[in-house]
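A quick write-up on the structure given underneath.
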Amino acid sequence: MQTSSFPDWHGTTILAVRKDGRTVIAGDGQVSMGPTVVKGAARKVRTLAGGQVLAGFAGATADAFTLIERLEAKLEQYPDQLARACVDLAKDWRTDRYLRRLEAMLLVADKSSIFTVTGVGDVLEPEHGVAAVGSGGNYALAAARALIDHTDLPAEDIARKAMAIAADICVYTNGNLTVETLG
């Protein structure tokens, strides 16, 4: 059995929000090694599949890049089938000897769906159009849930405000955001 802190890392916040036909993934830019901030402007959100899919990652950067490359291959294999590509990735991630050692989590979205994909085989679709991962994920998630149901703000504004709240609470999250939008 592998002994790691998976998935309890400290080092980033990724938030996905879907509202009124728009999907946003926002990620902070902080990279930490223990108690030290080593970079403040990392880009942890990417566009995939010719701009039709967004992906954000938390965890080990090299591991996340490996997973995003695998996801891109799955999206090529299953065009316009994000759920199938995510399930296939999660299956490979869980069963492949090399992949199952990777320590990262992904938030993946297209214009109609958001999925949290983990190395333990989870492909989770949120009930309320909001999902988050990373050390500040619960703070961003709670803020976005409150904002999505009780304001008329568009998805991008909800994501930015929720990430600002997370950055004020979580020492491993900063306000230097990368925000990508679909729709």
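Bear in mind these aren't lab numbers, they're just calculated from the coordinates by the rules spelled out. Every value quoted in this text rests on a predicted model; they were computed, and no experiment measured them. Using ideal geometry, Cβ is built from the backbone for each residue, glycine included, and neighbour counts are taken over all protein chains shown.
State whether the chain is rounded, prolate or oblate according to the following rule on the C-alpha gyration tensor (a ≥ b ≥ c being the square roots of its eigenvalues): a/c under 1.5 gives rounded; otherwise a/b larger than b/c gives prolate, and the remaining case gives oblate. Verdict is oblate for the chain. Dipole magnitude for the chain: about 280 debye, using +1 per Lys or Arg Cβ and -1 per Asp or Glu Cβ, origin at the Cα centre. Assuming a ≥ b ≥ c are the square roots of the Cα gyration tensor eigenvalues, decide whether segment 1-106 counts as rounded (a/c under 1.5), prolate (otherwise, with a/b larger than b/c) or oblate. Note, shape of segment 1-106 comes out oblate. Ignoring lysines fewer than eight residues from LYS39 along the same chain, the ones with Cα atoms less than 27 angstrom from its Cα are LYS161.
Gain on full extension, evaluated as 0.36 nm per residue between HIS150 and MET33 minus their Cα-Cα distance, stands at 38.4 nm. For a straight C-alpha distance cut-off of 12 angstrom, the aspartates and glutamates reachable from LYS19 (same-chain residues fewer than eight places away being disregarded) are ASP149, ASP152, GLU156, ASP157. Each of ALA162, VAL37, ALA26 was placed along the dipole of the chain (beta-carbon charges, centred on the mean Cα), and the one lying farthest toward the positive end is VAL37.
Taking a straight Cα-Cα cut-off under 22 Å and skipping sequence neighbours fewer than 8 places away in the same chain, the lysines within cross-link reach of LYS74 are LYS44, LYS91, LYS111. Based on Cα contacts under 8 Å between residues 6+ apart, segment 132-175 shows a relative contact order of 45 percent.
In this calculation the C-beta distance from ARG22 to ASN176 is compared with R0 = 22 Å, giving a FRET efficiency of 0.50.
For segment 116-132, the residues whose amide N sits under 20 Å from a probe point set 7 Å from the Cα of THR95 along the beta carbon direction are 117-124.
Length gained on full extension, ASP168 to GLU125: 12.8 nm, using 0.36 nm per residue less the C-alpha separation. For segment 94-183, which chymotrypsin sites (Phe, Trp or Tyr not before Pro) pass both filters: DSSP loop (anything but H, G, I, E, B) and at most 16 other C-beta atoms within 10 Å? Counting only loop positions with at most 16 other Cβ atoms within 10 Å, the chymotrypsin sites (Phe, Trp or Tyr not before Pro) in segment 94-183 are TYR98. Annotation: peptides 161-171, 86-96, ranked by per-residue average of other Cβ atoms within 10 Å with the highest first, follow the order 161-171, 86-96.
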